[in-house]
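Take a look at the structure set out below.
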Amino acid sequence: MTSLKRFRGKRERLRFLTYDLEWIPRELKVRLVGVFDGQRYRRYPTAYEFLRGELTSANRNCVFFAHAGGLADVQFILEAFIERDAPGFQLDGHWSGSSLVICSIKRGRNRWTFVDSFWLLRDSLAKIGASLGMVKGGADYFCPSFPHCGHETSGRADKSTCIFYAPLPILADYNALDCRILYAAIQRFESEVFALGGSLKMTIASTAMHLFRSAFLKRDIPIDKFLNVVARQAYIASRVEVIRRTCDSAGYYDINSSFPWSMTKPQPGRLLSSKAHYIEGERLVLVDAEVSIPETYVPPVPMRVDGRVFFPTGRFRRWFVGEDLELILDAGGAILKVFDAMRFEPFDDMAAYVTIIYEMRRRTTDPFRRLVYKYLMNSLYGKFGEGEEKSGLLVHPRKPPDEEDIVKVYRAGVYQVRKDVDLKHNHVPIAANITASSRAKLTRHMWEATKSGGEIYYLDTDSLTTTADLPVSDQLGDLKREFDIDKGTFLAPKLYRIHPGPKIRAKGFRSLTSEEFDRLAEGDAVSIERMIRIRENLGSGQIKPRERTYVKRTLSHLSPEELDRLGFHGERAIRPKRDMQSDGDSRPWAFEELTKYSEK
């Protein structure tokens, strides 16, 4: 058994550079690669020349950051690396979704690491630059013949791509500014983290964990792999649901730092005991129980069915944390049988981490500091629940990976592999407890809204859209009314349009126009032209970056009758999180309905 321990080593600064590639859209022909080391900017005509010029012993152990580079820039790096088949070089990459977030390149005793800085600074480069008083360039450059040059994105003249076709000196100035903005942001971030008592790491989650271990952790927490396996069954995602499809007038409320607020409560530390008995009101417990949820408009707890999260009524069994069980009882539900209950020693070191950083964020007028503090508060808790099974990419390893670790062989010497990582910070009961606490807080606000006669339309993790007039304040964990909505259309989780604006949220799509949103609402498809993701490209036997037109639609908001009318059989629809009624309202599913659907 290992332990989460306070970091007592020497804090060191990262040795880093920033880089950025510019290419012609659609053709994906590289025009230049720029790199900035804090003093000197230099540029190369190709990704290969960039690697030749920068993978040197002088840059040994350097980290190369590119913003959103794990999706795009690193594809060109990977192509150059594989194409040239440079002897003695090996690449070891780490996936997160479609991004190759971290790539380590080694040759002998030299190592260079390429990192997607979006996983460190989770905002657009333009917003990051603005917080530093630096204006991202490119928007004011147009071809002399614009708009007849045709350099547009998705046919929208307000998104000109002329800069990517500009003469090289102009393009180089644009590239250099991007590199400098990113360098300044990372350098400033490192200084802020050092001042708090931590060290900058390659991702914001790792940075937050290191800061916590360096400056706030007071005692060791035992890490038990079996306990983590059990707790992961209680670690269920937040509430994101469409309750009603449309609204004419409502308020959009957001909880002030919901997850950091949950972190201020005592958390499960060392395991004390395990027996099949639960005492009502116990919070720091993991309980294997069968429960019964009454027919109610807002059920209290989630359940996974076929990998998806629903909030059902009825009887079901799973592992719960204490907050879940308290919410079930408050909803009029019952705990039918307890099979096991694990009790934990209270652990409150995270409270100081949150309250200190939150107060610093509340008091500062520096926009960049506000971003830093927000990142640090929101990124810590998930690190306790990090999965130990990772997906990786190996290129030209010294010896082939073990057969049982190979997921796919893309070509000779290029492998997708499975990696089991021994994490020293993993204590899943903490992550499960914090997530459940924030879910419960949102649920109680839903109850408050419906009790006052308000209608609820949409929920997203720590926010709700409702007609209810709810109390607000700027205190940690309280509600704030972000804005008023005159009209809203909510098609699916993370897919909606609200007015005034209009503001369109479309996760999984590109930026949509109102006309395209209307087409999706009617069941029609929209076309999306983008770079093929690295994993997909490799899987098709390609290494050269390519663009492709994807045709996407959303169907979960359509009734079986509407699906049949469009030529889709009703049973092919993705089941929405709630059963949508003909009057525009919805009801929660009964657990028995979900399992019957699953068996079809």
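Select from Leu476, Ala72, Leu217 the residue farthest towards the positive end of the dipole of the chain; place +1 on Cβ of Lys and Arg, -1 on Cβ of Asp and Glu, and compute about the Cα centre. After comparing all options, I get Leu217. Simple spin-label estimate for Ser3 and Asp306 gives 4.7 nm between the two label positions (7 Å along the Cα-to-Cβ direction from each Cα). For Tyr550, the residues 5 or more places off, or on other chains, whose built amide H falls under 5 Å of its own are Ile528, Glu529, Arg530. Remark: relative contact order (region 13-183) = 24 percent; criterion is Cα-Cα distance under 8 angstrom and separation of 6 or more residues.
If I stretch the segment between Glu83 and Lys10 completely, what's the gain in nm (0.36 nm per residue apart, minus their alpha carbon distance), one decimal? Walk me through the numbers before you get to the answer.
Details: separation 73, 0.36 × 73 = 26.28 nm, distance 4.01 nm.
Once the chain is fully extended between Glu83 and Lys10, it gains 22.3 nm.
3J(HN,Hα) along region 474-487, derived from phi through the Karplus expression 6.51 cos²θ - 1.76 cosθ + 1.60 where θ = phi - 60°, amounts to 9, 7, 3, x, 8, 7, 10, 8, 5, 6, 9, 10, 7, 8 Hz, with x in place of Gly and Pro. Would you work out if region 338-397 is rounded, prolate or oblate? Take a ≥ b ≥ c from the square roots of the eigenvalues of the alpha-carbon gyration tensor; rounded if a/c is under 1.5, else prolate when a/b is larger than b/c, oblate otherwise. Since a/c reaches 1.5 but b/c is at least a/b, the shape of region 338-397 is classed as oblate.
Could you tell me whether region 406-464 comes out rounded, prolate or oblate from its Cα gyration tensor? Rule is a ≥ b ≥ c as square roots of the eigenvalues, rounded for a/c under 1.5, then prolate if a/b exceeds b/c, otherwise oblate.
Verdict is oblate for region 406-464.
At a Förster radius of 51 Å, what calculated FRET efficiency corresponds to the Cβ-Cβ distance of Ile406 and Ala215, to the nearest 0.05?
Efficiency, rounded to the nearest 0.05: 0.80.
Within the shell defined by Cβ-Cβ distances under 15 Å, the residues around Leu476 carry a net charge of +3, with Lys and Arg each +1 and Asp and Glu each -1.
Using R0 = 25 Å, the C-beta based FRET efficiency linking Lys487 and Ser452 works out to 0.65.
Taken as Cα centroids, region 192-223 and region 339-406 sit 10 Å apart, rounded to the nearest whole angstrom.
The Cα atoms of region 38-109 give a gyration tensor whose axes a ≥ b ≥ c have a/c under 1.5, which makes the shape rounded. A cut-off of 5 Å between modelled amide H atoms, ignoring neighbours fewer than 5 places along the same chain, links Ser556 with Ile574. Taking amide H as placed 1.01 Å from N in the peptide plane, Arg270 has its amide H under 5 Å from the amide H of Glu345, each at least 5 places away in sequence or on another chain. The alpha-carbon atoms of region 13-183 define a convex hull whose volume equals 128 cubic angstrom per residue. The distance from the alpha carbon centre of region 119-145 to that of region 493-555 is 23 Å, rounded to a whole number.
Summing -39500 (n - 2.57) over the DSSP H runs of n ≥ 4 in the chain and dividing by its residue number, what mean residue ellipticity at 222 nm do you reach, to the nearest 500 deg cm²/dmol?
Helices in the chain give a 222 nm mean residue ellipticity of -9000 deg cm²/dmol.
For region 461-600, lysine pairs separated by 8 or more sequence positions, or belonging to different chains, with Cα-Cα distances below 29 Å total 26.
Stretch Asp579-Ser145 to full length: gain in nm at 0.36 nm per residue minus the Cα-Cα span?
The Asp579-Ser145 span can extend by a further 150.9 nm.
The relative contact order of the chain, computed from alpha carbon pairs under 8 Å that lie at least 6 residues apart in sequence, is 17 percent. Sequence neighbours fewer than 8 away in the same chain don't count; with that in mind, list the lysines whose C-alpha is under 24 Å from Lys201. Qualifying lysines at Cα under 24 Å: Lys5, Lys10, Lys106, Lys127, Lys218, Lys374, Lys383, Lys390, Lys419, Lys424. Direction-averaged projected area, Cα convex hull, region 172-300: 15.0 nm², rounded to one decimal. For region 310-440, a simple Cβ point-charge model (Lys and Arg +1, Asp and Glu -1, everything else neutral) yields a dipole of about 600 debye relative to the Cα centre. About the centre of its Cα atoms, the chain shows a dipole size close to 2200 debye [charges on the beta carbon of Lys, Arg (+1) and Asp, Glu (-1) only; nearest 20 debye].
Taken one residue at a time, the phi angles of region 411-427 give Karplus couplings (6.51, -1.76, 1.60, θ = phi - 60°) of 6, 4, x, 10, 10, 8, 10, 9, 10, 9, 9, 8, 8, 8, 10, 7, 9 Hz. Gly and Pro are set to x. This model, with +1 at the C-beta of Lys and Arg and -1 at the C-beta of Asp and Glu, gives region 13-183 a dipole about its Cα centre of some 600 debye. Applying the Karplus relation 6.51 cos²θ - 1.76 cosθ + 1.60 with θ = phi - 60° to region 283-297 yields 3J(HN,Hα) values of 9, 8, 9, 10, 10, 8, 9, 9, 10, 10, 10, x, 5, 8, 5 Hz, where x marks Gly and Pro.
Laboratory data are not the source of any read-out in this text; all were calculated from the coordinates shown. The structure displayed is predicted, hence computed values, not measured ones. Quick reminder, even Gly has a Cβ in these numbers, built from the backbone with ideal geometry, and neighbours come from all protein chains shown.
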